[in-house]
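> Let me begin by handing over the structure; questions about it come next.
What follows draws every value from the coordinates through simple rules; no lab data is involved. Predicted model, so just to flag it, every value in this text is computed and none were measured. Here Cβ is always computed from backbone atoms with ideal geometry, including for glycine, and neighbour counts include all displayed protein chains.
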Amino acid sequence: MMLSKKPIEYRKWTIVLIAIAIILRFSLALIYTVSGDACWHLSAARFISEEGKLPLFEPIGRDEPFWAPPLFHVIAALFYSVLGNFGLKLVSPLFGSLCLVVGYAILKKRLRERATFYGMLFFSFLPIMIDYSVLGYGEAVLTFFVLLSLYLALEQRFLLAGIAAGLAILSKYNGGFVLPALLWIAWSSKEKWKNAFLVSVLPMAVAAPWLVRNFMMLGNPIWPFLNFMFEGAAQKAYSGINLMALWSLHTWQSLYLGFFGVPDGNMGSLALVSLPWFSIMFWIFLLGTLLFAVPLFFGWKKSRKDVPLYILLAGFVALFLLYVVNVGPFVSRMLMPSLIVLAIIYGRGMEKLIGWIGKERMMIAATAMLCTGFVLAIGIKFLVATHAWSFYKEDFDWVKSNTPKDTIFLAGGQCVPFHLERSSLPKTEVGKNIYSYAWLNDGFLLDKHSILSGDRTLLEKEGFGKMYENKRTGTVILGR
């Protein structure tokens, strides 16, 4: 007589899965090297900690005023004040982990145990969720407060939901796109007028000080976006609309690739990778992403209880489209706060597929293998980037050891100044004689905006001389 297999304890394995996902996020933070826009965000956090105020026009890595809703930066500044640069890298893993906890609470309200397990597997290991739970961007903080506001509204705790939604807006403007879903839930409650007021007016009241600040200082409460509507400060603002971007295959390719961990969904970023057999590995990776996505086609369900979830998804899809036409196509992360909806759909889809196919343990093994592949790809990506940055560590260390901390560098881009830990001015300031040192490296491909091509002669005429040169890296430091 054959013994029947023991039923899978999905609740227990969901907790194990979440624990693994949290450990993964903090582990990746240990090997992550700050780059890209994170350099600007974390430079702002360092400024806030050291100066005790929010920046505006101070030189912190971009040729533009500081406009971003500052909650992420203030939290990172507090971590920096206690743990230094290491603290800056802990904010996203912490809030990315909290996203999993709140996401689990939401999924449990909508799904059975098996579907919850698969929904959490999707939500925890989708590469874009891992990436922005490690990178020094505000997405993890934003997503946490969006999810928290949604959960509190579903629990009929509308006062707290309104406050959480306001904190989401103070994390990024994008947080405002949770409000339609909250309003739907509030309008379906017993005290609909009171609750609708709490989740509409209260969030804007929480966010109002920053929106008013930007309107007063920059002429646009949501600067630099949709600047043609407000005619605010023109510097680096987005003042155009390109509707043709919606019909570009490039836009949708970037969205898909961004979901699965290609930086910003930009195929061009892959040109920097020089691993053996990379093209073959990339095609295997694409096949894996297609297989992983299959359950999303089978989990859609018509239910009044799901209406606020679909409203949430529709709101952030609208935000994504707005970014595409006003900013550009590399904006997959705009959808991150709504991925909880896709997690619910994914969980239902997997449950349906298992019902049709059977082979439950085989399905678990297959999805676990795919997630393991994603994790390995992300780990390799971070290691490659860290290795690339470590090539210049000697140059950064020389600057930190041999120049005053309050000195001003001429150093284009946003990442060279961050790693130098010095205030910087962009290359548009060449010739204005308001800096003491200049970073020169015409081969610095990690941040092309840092390259000051053709400006060395002018700097030498201003009295700058060579203070440091590294022929291995191509870096020259001029000073006077």
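> What's the FRET efficiency of Lys405 with Trp356 using the Cβ-Cβ distance as r and R₀ = 51 Å, to the nearest 0.05?
0.20
> Once fully extended, how much extra length lies between Leu445 and Phe228, figured as 0.36 nm per residue of separation less the alpha-carbon to alpha-carbon distance?
So the extension gain works out to 74.8 nm.
> While we're on this one: Kirkwood hydrodynamic radius for the chain: how many Å is it when counted over pairs of different Cα atoms?
Working: mean 1/r = 0.0416 Å⁻¹.
Kirkwood radius, the chain: 24.0 Å.
> Still on this structure: Distances longer than 15 Å among the Cα atoms of region 440-480: what percent of all pairs is that? Working shown, then result.
Values: 347 of 820 pairs.
Looking at region 440-480, the distances longer than 15 Å represent 42 percent of pairs.
> Please give, to one decimal in nm, the separation of the simple spin-label points placed at Glu9 and Lys109, each 7 Å out from Cα toward the Cβ.
Simple spin-label model gives 2.8 nm for this pair.
> Which lysines have a Cα less than 18 Å from the Cα of Lys305, not counting those fewer than 8 places away in the same chain?
Lys108, Lys109, Lys190, Lys192
> Can I ask one more? Can you divide the C-alpha Rg of region 370-462 by 2.2 N^0.38 Å and report the result to two decimal places? Write down the numbers at each step before the final one.
On the way: Rg = 16.2 Å, N = 93, 2.2 N^0.38 = 12.3 Å.
That ratio works out to 1.31.
> Turning to a different aspect of this structure: Tell me the mean residue ellipticity at 222 nm calculated for the chain from its helices only (DSSP H runs of n ≥ 4, each -39500 (n - 2.57), averaged over every residue, nearest 500).
One gets -19000 deg cm²/dmol as the mean residue ellipticity at 222 nm.
> Next up: So between Met204 and Ile434, what do we pick up on full extension, going 0.36 nm a residue minus the alpha carbon distance?
78.8 nm
> Next question. Scaled to the compact-protein estimate 2.2 N^0.38 Å, what is the alpha-carbon radius of gyration of region 35-78, rounded to two decimal places?
In units of the 2.2 N^0.38 Å rule of thumb, it is 1.00.
> So what is log10(I(q)/I(0)) for region 325-400 at q = 0.15, 0.24 1/Å, when the Debye sum runs over its Cα atoms only?
Those come out to -0.84, -1.10, one per q.
> Divide, for region 275-336, the radius of gyration over alpha carbons by 2.2 N^0.38 Å, where N is the residue count.
Ratio of Rg to 2.2 N^0.38 Å for region 275-336: 1.56.
> Turning to a different aspect of this structure: Per 0.36 nm of contour for each residue apart, how much would the distance between Ile31 and Leu160 grow if the chain were fully extended, relative to their Cα-Cα spacing?
Using 0.36 nm per residue and subtracting the Cα-Cα distance, I get 42.8 nm.
> Then there is this: Rounded to whole Å and sorted largest first, what semi-axes of the equivalent ellipsoid does the C-alpha gyration tensor of region 144-257 yield via the square root of 5 times each eigenvalue?
30, 20, 11
> Given the pairs Lys236/Lys466; Lys89/Lys461; Lys381/Lys461; Lys194/Lys352; Lys405/Lys461, which span a C-alpha to C-alpha distance of over 31 angstrom in this model? Write out the running numbers ahead of the final one.
Working: Lys236/Lys466 33 Å; Lys89/Lys461 41 Å; Lys381/Lys461 42 Å; Lys194/Lys352 40 Å; Lys405/Lys461 25 Å.
From the list (Lys236/Lys466; Lys89/Lys461; Lys381/Lys461; Lys194/Lys352; Lys405/Lys461), the Cα-Cα distance tops 31 Å for Lys236/Lys466; Lys89/Lys461; Lys381/Lys461; Lys194/Lys352.
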